[in-house]
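Here is the structure we will look at, set down as C-alpha cells.
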Amino acid sequence: MIRGGTLASSAAALIAAGAILVVAGSGAQAQRAAPLELKADASVRPWVRYNGWPARDESKWSTLATISSPPAPTAARKIVGQITGDAANGAKLVADRNRGGSCLACHVMGQSGNADLPGNVGPNLSEIGNAGRTDEWLFNYIFDARVYNPDTVMPPWGSHGEFNDQEIKDMAAFLKTMKKPAVFKTELDDPDKRPAPVEKRENLDAIENPGMWALDKAAVLWKTRGSDGFSCNTCHSDPKTAFKTWAASMPKWEPRLNKVLGVEEFVTRHAKVTTGLNWLMETEENRDMSVYLHNLANGAPISVDTTSAESKAAIERGKALANRKIGELNFACTDCHGKSANHWIRGQWLGEPKGQYDHFPTWRTSLQTIWDIRQRFQWCQVNIRADELPPDAKEYGDLELYLASQNDGLKLSVPGIRH
Amino acid sequence: MAEKPRLKIPKDAKKGELIEIKTLMPHIMETGQRKDKDGKTIPRKIINTFTCEFNGKSVFSANLDSAVAANPYMQFFAKVEESGTFKFSWTDDDGTVTTAEEKITVG
C-alpha cells in the first residue's frame, strides 16, 4: 500500500480515481477495477513497421481490420487449345523465392530448384505431367485455384497479380514435363521424412536463454518511480504472491475500452495512470515487464474467461478473424495453423494453435530479441504480404483471446526460446 | 543498465572432483570491422580478456579477439581440492572490468 507523508495527497487522488472506475455491467459482484489509461493509444501512432522488416505496401489487400481484396472469380478462364509456354522459364519461376515464396515452399517438384527443403503443404507435383490434366485446368489452378476448390489454401497467383498470364503459361508448360518421382539429395530434403523440430533447450536457464535477462531489467523497472513519485512497487510490493496466476488469466475483456487487453497493453495503460511511466507496447520496457509478469505465473495453467457473454463474443470474433483470408498471398491463420498444421512450408514447421501461446513472450535466437504475441501476430501478416495492425488493435485482442482459449490448461513457461 | 554475467557452478563437490564451470557475459562484441550507414568504421568494443581464479590462484584465462560472437560463453573444467571462491573477470576494450564470484563447498 501507499506509504509516506509526502506522497499522501497524490495517493489520495489516485485512490479516488480508482474508486470511480467500477466495472459496469458486471452485476452484483461489482469490483474496483484497476486504473487504466482510457484515452491514449497503447502503441506508437501512426504505427511504424519494425526496422529490418520488408517495407512492401500491401494496403490494397484485406487485413484483419479491413476487407479489400477482390472476391474469388466464379468461373475458370477459358483456354482454347494447347498452352504455348517456355517450360525452361517455368522451371525458374517455380523456384523463384522472390515471387511469393516459390512453389517449392509447399510442393515437392522433382528436381526443380535443386529440391532443397521443399514443403509438403500441397501435393507432390513431381509426376503431375502424367496426371492427364488439361492445359486449361493447369493454367487455372495456378491462376486462381479457388475456381476448382473453394477451400484451397493456395494463393491466387494470377488473380492477385503475382504472376502474369504468360508466366503462368510457362509454369503450366513446365508442369507438363514433370513425369518422374522426385529424387532427394538427402533424407532431410524429403518433407515426408524430415523429423518435426523439437525444442530441447532449457528456456528458464539464463545461460541458454538470453530472454531471461529481461527479468533483471524488470526488477529495476518495478521500482522505477515515474513523475508522480510512484513505482509499481508502491502498490505491489509483493509481486511474487500477487501475480502468481494473473498472467495466465490474460487476455481479458475490458468493458471500459470495449476490447480485449493482453498483459502488454494492460501494463502500458495501468503504468501510465498510476506512475506516469510511458511504457508503450513493443518498447523494451514493455517487453521486459511482460516477460516478468508472465514469468511470475510460470506453471499456472492458462485459464482465460471463456464463459462471460463478452468473452464468448470476443472469441467468436477472434475465430472469424483466424479464418479470414488476408494479404496478397490470401492466407488465413487457419490455412497454415489448421488445415496445413504439422506440415512443412519450405524448411519451416507449421504448428497447431495449441502450444503457440504458453511460451510468449519468447526469445528468438534467429533474431536475438524478445517477441511478444502481438509482434508474432504482426510478423505472420507481413510474412504473408498483408499489412499488420498496431499491436494494440482490438482485432489482435480478439485473436489473442481465441488463441489463449485454444491453449487452455497448458502451463505458462516464459520466456520461451524459439529459433 | 549493465548486464550481469551468468554463472553455472555446482554449490558443492567432493575433494579432487573435476567440476564443470559455465560462464556467459552479455556483450555486443562489436568487431571493429563493420561500417555504419555513413561508411564510418564502428569502433571495436569487445571483451578482450577473461580470467578465472580460485582462492587467488589462476585457474583459466583467455584472450578474446574480434571474431568471437556476442555474449561470449566459456565452459571449462577445474579440479577442486578445498572449499573456496571462484572469481571471474571480464575486461572490456573501454577498460571496464566486470567481476563476479561464486563459492563452492568441498566436503
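The values are calculated or read from the model by the stated rules, or taken from the named source; none is laboratory data. Predicted, not measured: the structure shown is a model, and the values here were computed from it. Note: ideal-geometry Cβ built from the backbone for every residue, glycine included; neighbour counts use all protein chains shown.
Here are a few things to note about the model shown:
- From the options A:Ala242, A:Ala206, residue that is free of Cβ contacts under 8 Å to residues at least 12 places away in the same chain, within 14 Å of another protein chain (Cβ to nearest Cβ) and either on the phi < 0 side of the Ramachandran plot or in contact with a strand residue (DSSP E or B) (Cβ under 7 Å, 6 or more places away or on another chain) (or both): A:Ala206
- Residue match in segment A:305-314 (condition: in contact with a Lys or Arg (Cβ under 8 Å, 6 or more places away or on another chain), assigned to a loop (DSSP other than H, G, I, E, B) and surrounded by 21 or more Cβ atoms within 10 Å (Cβ to Cβ)): no
- Members of segment A:364-393 that are assigned to a helix (DSSP H, G or I), within 20 Å of A:Thr268 (Cβ to Cβ) and in contact with a helix residue (DSSP H, G or I) (Cβ under 9 Å, 6 or more places away or on another chain): A:Ile373, A:Arg374, A:Gln375, A:Phe377, A:Gln378
- Strands (runs of 3 or more DSSP E) (entirely within chain B) containing at least 1 residues that are within 14 Å of another protein chain (Cβ to nearest Cβ): B:6-8, B:17-24, B:73-80, B:84-92, B:97-106
- Within segment A:315-336, being β-branched (Val, Ile, Thr) and either not assigned by TED's automatic domain parsing to the domain that holds A:Pro251 or not in a helix (DSSP H, G or I) (or both) holds for one residue alone: A:Ile326.
- For segment B:72-90, the set of residues classified as within 12 Å of B:Cys52 (Cα to Cα), buried (at least 16 other Cβ atoms within 10 Å of the Cβ) and not basic (Lys, Arg) consists of B:Met74, B:Ala78, B:Phe86, B:Phe88, B:Ser89, B:Trp90, listed by residue number.
- Restricted to segment A:62-101, and to residues there that are among the polar types (S, T, N, Q) and in contact (Cβ under 8 Å) with a residue 40 or more places away in the chain, the residue that is surrounded by the fewest Cβ atoms within 10 Å (Cβ to Cβ) is A:Thr74.
- Wholly within segment A:186-257, helices (runs of 4 or more DSSP H) carrying at least 2 residues that are surrounded by 14 or more Cβ atoms within 10 Å (Cβ to Cβ) and not aromatic (Phe, Trp, Tyr): A:213-222, A:232-235
- Taking the numbered list (1) surrounded by fewer than 14 Cβ atoms within 10 Å (Cβ to Cβ); (2) in the same structural domain as A:Gly101 (by TED's automatic domain parsing); (3) in a helix (DSSP H, G or I) in turn, A:Gly161 passes all entries but (3).
- A single entry from A:Asn342, A:Asn383 fulfils the requirement of being out of contact with any His (no Cβ under 9 Å at 6 or more places or on another chain), free of Cβ contacts under 8 Å to residues at least 24 places away in the same chain and more than 20 Å from A:Leu261 (Cα to Cα): A:Asn383.
- Filter result for A:Val273 (part of a helix (DSSP H, G or I) and either over 20 Å from the mean Cα position of the chain (by Cα) or acidic (Asp, Glu) (or both)): yes
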